[in-house]
Amino acid sequence: MHINEKVPIEDVFPLKDEHGNDFARRDYALKANRDYVARLAESFDKSTLQPDEMPVLVQDGGIYYIAAGNSRVEAMRHLGLKFFRAVVLDETVEEAIEKKLLETAVRTNVKKTYEDGELAEFTRQLLLFGDDQYVSEVTGLDKTRVGRIRRGAPHAGEAVDQMPLEWYEAVGEAEEAGDAELVGALTAASASTWRGALSQMRAKRDAEERKAALLEALAWAGIPVADSGADMSGLRYVSSVSTADEVKRREWPEGSVAYMQWDTYGYVYAPEPEADPAVERAKAELDAARAQLRETRESRGEWLAGNLAGIEPGYLVGLLPKGSELAVYADDVIDFAEAYGADIPTGPEVTVAAYCALTECAPWVGDLHNLDPEACQMFVKLTDALELKGYEPPEAEQRLYRMCADALGKEDGDE
């Protein structure tokens, strides 16, 4: 490409396609276009009578063809110029025609929505001729994108006619970043699989970054990372962690250790704290009391199921606190019948309902140091009432009885 300062205007003609059609975008025989040319001429430099932007020509011997700037040349003819300045391309007329065909195909179809393959084909061919700015102007693609597409083009190989522009751009961007692994993954994929390959690579990179950040945070917190199959006996679970923030925003027990799973997910364990003898003793006592209560309920229930006929419904109903509502047809009556195989006729079912209401609560709330006076009173009253009917409480029930009686201020459970 060079600049000719003195192109004879009489030797300049519009570029025509292979069929002899003029590439000029305006019909200068029309009055509207002649008026346009006149207005354009008025905008030229007053001293040189030439436009600020030089026309672009392609030379064929002593003849010049207009590659760009038909209206500017017409305006200079209108002004009567004999010579003008122009950019002359260093290419053949055939090359200029091919480029002009591509440019015209894109510019005259700007309202069309191109398939990926069509636009890719236009752009690939334009990349053979113009610089990035030229291709950007013709296709409407951002100049930066054009540069990436141009950079990715050499990697297409035999798939040059199959790959969409986004593939070229993705490859070009990866090459710009010096990411040989990603370039390799994209060039190994096909037109139908490259997006999946790109997504997988990005997901892999993201997982690697999150894992690195998580491991760095664990090291910052002084938490070593053990193998996933390590022995965790003697350790208690503390929390799961999947991000660096989750590690950094809390305090961790002394001696904590992390076990990684799925690369970006971990579990933090810590040594079991030293047992408090008093707490352990209280826990053991409560566990024993619970076992005693289970044994008591089974013993009472079994005896009641076999002695329903000898107990009037009102006998147990009278033991309930004043104002209690008794759901005679409650599910616990049915459960009782099923548990002990009892056939409960009309009348005794009230007895069962009352019995279930009397035994539904444990005598304590939470621990043995927090006894419930009302529940203790019901336990004692029910035991006394059943004994009067011939029930013999087992040793476990007797221990609970003494506990409840003591809580109520009784002596030896005798009142």
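The values are calculated or read from the model by the stated rules, or taken from the named source; none is laboratory data. Worth saying up front: this structure is predicted, and the values here are computed from it rather than measured. Cβ placement follows ideal geometry from the backbone for every residue including glycine, while neighbour counts extend to all protein chains displayed.
Within the set V257, V268, the sole residue that is closer than 23 Å to D206 by Cα, surrounded by 14 or more Cβ atoms within 10 Å (Cβ to Cβ) and within 29 Å of the chain's Cα centre (by Cα) turns out to be V268.
Please verify whether the stretch 113-133 includes one or more residues that are among the polar types (S, T, N, Q), outside any loop (DSSP other than H, G, I, E, B), at pLDDT 75 or above and surrounded by 17 or more Cβ atoms within 10 Å (Cβ to Cβ). Checking the stretch 113-133: not a single residue is among the polar types (S, T, N, Q), outside any loop (DSSP other than H, G, I, E, B), at pLDDT 75 or above and surrounded by 17 or more Cβ atoms within 10 Å (Cβ to Cβ). Determine, yes or no, whether K389 is of a type in the set (K, R) and within 26 Å of R290 (Cβ to Cβ). Spelling it out, it is not the case that K389 is of a type in the set (K, R) and within 26 Å of R290 (Cβ to Cβ).
Might you check whether a residue that is under 55 Å from the mean Cα position of the chain (by Cα), outside any loop (DSSP other than H, G, I, E, B), of a type outside the set (V, I, T) and over 30 Å from I223 (Cβ atoms) occurs anywhere in the stretch 323-334? Yes, because at least one residue in the stretch 323-334 is under 55 Å from the mean Cα position of the chain (by Cα), outside any loop (DSSP other than H, G, I, E, B), of a type outside the set (V, I, T) and over 30 Å from I223 (Cβ atoms).
Taking every residue in the stretch 194-221 that is at pLDDT 90 or above and pairing it with any residue that is aromatic (F, W, Y) and not in a helix (DSSP H, G or I), at least 6 positions away or on another chain, the pairs with Cβ-Cβ distances below 7 Å are A221/W252. Look through A278, A258 and report the one residue that is small (G, A, S) and in a helix (DSSP H, G or I). One residue alone meets the criteria, A278. Go through L358, L388, L400 for me and flag whichever is in contact with a Leu (Cβ under 9 Å, 6 or more places away or on another chain), over 28 Å from A278 (Cβ atoms) and not basic (K, R). Result of the check over L358, L388, L400: L358. The set of residues in the stretch 302-326 that are closer than 13 Å to E349 by Cβ, exposed (fewer than 12 other Cβ atoms within 10 Å of the Cβ) and in contact (Cβ under 8 Å) with a residue 40 or more places away in the chain is empty.
Taking every residue in the stretch 224-250 that is under 19 Å from P271 (Cβ atoms) and pairing it with any residue that is surrounded by fewer than 13 Cβ atoms within 10 Å (Cβ to Cβ) and among the basic types (K, R), at least 6 positions away or on another chain, the pairs with Cβ-Cβ distances below 9 Å are S239/R250.
Here the stretch 341-385 is the region considered, the condition is being without any contact (Cβ under 8 Å) to a residue 24 or more places away in the chain and in a strand (DSSP E or B), and the residue that is nearest to A405 (Cα to Cα) is N370. Does the stretch 261-275 contain at least one residue that is in a helix (DSSP H, G or I) and at pLDDT below 90? No, that holds for no residue.
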